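Beneath this line is the structure, given in structure tokens, with notes to follow.
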């Protein structure tokens, strides 16, 4: 097992390098650069000379491959560099935001797992009942409705009309911080992220549960006279869970992606809002840092899913 | 003060926005090049007096040097290169206003508390939070929900907020302008920009093929006659804005009353186009050398710029010109404009209304917009702007600026549309606000604000 983990970790390094090379090429190919985004064209105060000088100061006049190599050299030394716009260390800027995103993503994941698996199992047990049809309908609706639309709908309903929740932000200004206040601010973004991600889980959970309920060991359990609830919880459910673990692990990158939009709408100060800021300002170093960190997070989520798979299913061995 | 001036134009900050304004001080250029450690023209006379000596008279100098003061007792020992990483940058605990700094949470808020011993009027509000919001939409939703007290509202959202019981709308005449720059650079001008830096060029790689008719001022005037500014004002100016006829439209003494107003006249527009050599087919399509004339309208993305493009399409369509709309992200906007991706380039803002000298930043031969995008260079205009800034007598200044604005009005490097008003949504519970035309200075009378 540990051999397998080591091998997977070793493979991750070239994958990460590949990701950074591609991203480095893409963001540099996008029109505009940090200098053009720093200039406010409405103020008129720019000239060709000043723009060239600013580019040289940021090292943007050097050839692209050289800039990548210089960046990589610093990364190997554990230095993510400085933001081209704010001049602050990239590690500091990301570190400041990382936990907000991780908290939001994990809560959203919990929401999606709880909703997805419970509804999925329920509709498998009551196959072809109205519950089953309703859950099918709702999960298709949740998949089809874009996250930003759901967000705006929720803000309109829960914040502007009913006034139950704040429209955005992470806590109420001018009041002492409290956990309850934080939770109130987190409900809507976590719901949007969680519900969108729960929908496919419902479908997976349903089919996986149906499959394991038709297995012979379930019939055997029933034949032994065990109560139906016990048959489902003890025999059918754990086996249905196995394929779901991979699915859940693979949902994490999707949640990360969704967080970019959701954080922006709800003014949740995580990596998503930072990423949008970095893209619109063409902050190359910050963008590279962000992509590196999210690449690492996603790769480790996949690895964890694989390990969890082996833990849950004794038949799986990695040698 | 002297310390602040020296930091603002220190060689370590070539990107500083003060460089142009402050280089007029005697000895500033030598200091900027790193030849001297002190600026000759800055003298401290006593504890409360500083004297600045300029290379040449400049009436607009004070207006252009609204410089925040930096505390030498904290930053004096820091190397300028390391200044941006100093903790003080995120926690400016020295303030000259009625409030003390408490905390700054990046991209979240800035927290201020009333000063215990402020020398002037004691403020009425104890604590203030400046929310740092990523999008206007979020801010507007917060105003609607009563989660914040005051925010600037875009003109096209004003109507929605007027209907809200808990929101007051304050309107103030702006100092910025709303224009469409022409790109009428000639082949020679583009070639000059494309020349490598070693050969005295600017090292660009612009591929634009110039449209000869744009270079004829009669064609540009024809477009001005083809446009009716009222729909622009109604749709994107919130219904209130001051039409302008050059970039010199304030203060009142600088405004030339004799400028051509280009009132809409489609026949005149077509006649002028015909003079330039434009022909029209049976359907009224404007043709140049037998091919339909298509102009590209370039702007950064947004709801308002898109609406501007649509009004343009409709109005210029009436003289047979097709307009294509091209919207790009804000970081890509300036490169796209320089690259010649638009024929009509939207620009809105600036501080023109505060002092006529501001126009030199846009329309003199060396200015970024004029040289890199528009291709406008008029020596007489440059002379007049220099004259206008060199004297402090208002009558003298007026003469220069009136003539200068007549040149812009005649040559039309841009289609001058209007100077827009600005709108602030204020929670009804808050009073005492007197917004200034420059929205950056909304808080200028903050000590008079109060909760009803």
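The values are calculated or read from the model by the stated rules, or taken from the named source; none is laboratory data. As the structure is a prediction and not an experimental result, all values here were calculated from the model. Here the Cβ is made from the backbone with ideal geometry for all residues, glycine too, and neighbour counts use every protein chain on show.
Please enumerate the residues belonging to segment A:84-99 that are more than 10 Å from chain B (Cβ to nearest Cβ) and under 17 Å from residue A:266 (Cβ atoms). Result: A:99, single match.
I'd like to know if segment B:177-185 contains one or more residues that are touching a strand residue (DSSP E or B) at 6+ places or on another chain (Cβ under 9 Å), away from every other protein chain (no Cβ under 14 Å) and either surrounded by fewer than 18 Cβ atoms within 10 Å (Cβ to Cβ) or not in a helix (DSSP H, G or I) (or both). Within segment B:177-185 (the criterion being touching a strand residue (DSSP E or B) at 6+ places or on another chain (Cβ under 9 Å), away from every other protein chain (no Cβ under 14 Å) and either surrounded by fewer than 18 Cβ atoms within 10 Å (Cβ to Cβ) or not in a helix (DSSP H, G or I) (or both)), the answer is yes, since at least one residue qualifies.
The single condition among (1) crowded, with 16+ Cβ neighbours inside 10 Å; (2) touching a residue at least 60 places away in the same chain (Cβ under 8 Å) that residue B:219 does not satisfy is (2). Filtered by the rule that a residue be under 30 Å from residue B:309 (Cβ atoms) and at pLDDT 90 or above, segment B:436-452 gives no residues. Can residue A:193 be described as touching a strand residue (DSSP E or B) at 6+ places or on another chain (Cβ under 8 Å) and either within 12 Å of chain B (Cβ to nearest Cβ) or closer than 21 Å to residue A:262 by Cβ (or both)? It is false that residue A:193 is touching a strand residue (DSSP E or B) at 6+ places or on another chain (Cβ under 8 Å) and either within 12 Å of chain B (Cβ to nearest Cβ) or closer than 21 Å to residue A:262 by Cβ (or both). Looking only at segment A:130-160, filter to residues that are touching a residue at least 40 places away in the same chain (Cβ under 8 Å) and within 14 Å of chain B (Cβ to nearest Cβ); which one of those is surrounded by the most Cβ atoms within 10 Å (Cβ to Cβ)? Looking at residues that are touching a residue at least 40 places away in the same chain (Cβ under 8 Å) and within 14 Å of chain B (Cβ to nearest Cβ), I get A:155. For residue B:250, the requirement of being crowded, with 17+ Cβ neighbours inside 10 Å, over 26 Å from residue B:366 (Cβ atoms) and either touching a strand residue (DSSP E or B) at 6+ places or on another chain (Cβ under 8 Å) or within 14 Å of chain A (Cβ to nearest Cβ) (or both) is not met.
Here residue A:127 meets the list (1) within 14 Å of chain B (Cβ to nearest Cβ); (2) on the phi < 0 side of the Ramachandran plot; (3) not in a helix (DSSP H, G or I) almost entirely, failing just condition (1). At least 1 residues being facing chain B (nearest Cβ under 9 Å) and surrounded by fewer than 16 Cβ atoms within 10 Å (Cβ to Cβ) is the threshold, and among the helices (runs of 4 or more DSSP H) wholly inside segment A:25-80 those reaching it are A:48-57.
Taken over segment B:339-358, the criterion of being over 27 Å from residue B:389 (Cβ atoms) and either crowded, with 23+ Cβ neighbours inside 10 Å or away from chain A (no Cβ under 12 Å) (or both) is satisfied by B:340, B:342, B:343, B:344, B:346. Determine, yes or no, whether residue B:148 is modelled with pLDDT of 90 or more, over 30 Å from residue B:335 (Cα atoms), within 11 Å of chain A (Cβ to nearest Cβ) and part of a loop (DSSP other than H, G, I, E, B). Yes; evaluated as a whole, the condition is true for this residue. Put simply, of B:268, B:291 the only residue that is on the phi < 0 side of the Ramachandran plot, away from chain A (no Cβ under 12 Å) and without any contact (Cβ under 8 Å) to a residue 12 or more places away in the chain is B:291.
On the basis of being without any contact (Cβ under 8 Å) to a residue 40 or more places away in the chain and either touching a helix residue (DSSP H, G or I) at 6+ places or on another chain (Cβ under 8 Å) or part of a loop (DSSP other than H, G, I, E, B) (or both), does residue B:201 make the cut? Considered against the rule, which asks whether it is without any contact (Cβ under 8 Å) to a residue 40 or more places away in the chain and either touching a helix residue (DSSP H, G or I) at 6+ places or on another chain (Cβ under 8 Å) or part of a loop (DSSP other than H, G, I, E, B) (or both), residue B:201 comes out as yes. Of all the numbered requirements in (1) within 14 Å of another protein chain (Cβ to nearest Cβ); (2) buried (at least 20 other Cβ atoms within 10 Å of the Cβ); (3) in a helix (DSSP H, G or I), residue A:282 misses one, and that requirement is (3).
Residues considered: A:185, A:235, A:177. Of these, the only one that is within 14 Å of chain B (Cβ to nearest Cβ) and either touching a residue at least 12 places away in the same chain (Cβ under 8 Å) or touching a strand residue (DSSP E or B) at 6+ places or on another chain (Cβ under 7 Å) (or both) is A:185.
Is it the case, given these coordinates, that residue A:111 is more than 14 Å from every other protein chain (Cβ to nearest Cβ), assigned to a helix (DSSP H, G or I) and out of contact with any strand residue (DSSP E or B) (no Cβ under 6 Å at 6 or more places or on another chain)? In short, yes. Count of segment B:419-438 residues, restricted to those that are in contact with a strand residue (DSSP E or B) (Cβ under 6 Å, 6 or more places away or on another chain) and closer than 13 Å to residue B:353 by Cα, is 4.
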